[in-house]
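K.L.:
Please see the structure below; I have some questions.
The values are calculated or read from the model by the stated rules, or taken from the named source; none is laboratory data. Note that the structure is predicted; figures quoted are calculated from it, not measured. Neighbour counts are summed over all protein chains in view; Cβ atoms, including those assigned to glycine, are modelled from backbone coordinates with ideal geometry.
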Amino acid sequence: MAAYERKFGADILPSHRRAVQRILACRTAALGGELYRCPDCGTAHFVYHSCNHRACPQCGNADATEWIDHQKLKLLPGLIIW
Ligand SMILES: [Zn+2]
């Protein structure tokens, strides 16, 4: 963010500034997380919260992949184009 600030400074729109801050904090301790525990073996697994911003390379890609998979389910057999 520091380099981005130096390059664009006051020209950064508030909405863009918030987006960059959220994306930089995505899946880090800054956004907190959830602790999951397997009911069978008791193994714990901590997962950081994601930012869910549409421009986030991590969240955006996951959402797009999920959307494409959902759309594929709607296709008739034999009509797959890709
Ligand atoms: Zn994200």
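K.L.:
Does any residue in the stretch 40-60 that is farther than 10 Å from CYS26 by Cα come within less than 9 Å, Cβ to Cβ, of a residue that is among the acidic types (Asp, Glu) and within 10 Å of the ligand (Cβ to nearest atom) six or more places away or on a different chain, and which pairs are these?
P.N.:
Taking only residues 6 or more apart or on different chains, the pairs are ARG54/ASP63.
K.L.:
If you don't mind, another one. Name the residues in the stretch 16-72 that are exposed (fewer than 13 other Cβ atoms within 10 Å of the Cβ), among the basic types (Lys, Arg) and either within 13 Å of the ligand (Cβ to nearest atom) or part of a helix (DSSP H, G or I) (or both), would you?
P.N.:
Correct list: ARG18, ARG54, LYS72.
K.L.:
When the residues of the stretch 12-33 are filtered to those that are closer than 19 Å to GLN58 by Cβ, out of contact with any His (no Cβ under 7 Å at 6 or more places or on another chain) and charged (D, E, K, R), which remaining residue is modelled with the lowest pLDDT?
P.N.:
By that ranking, first place goes to ARG18.
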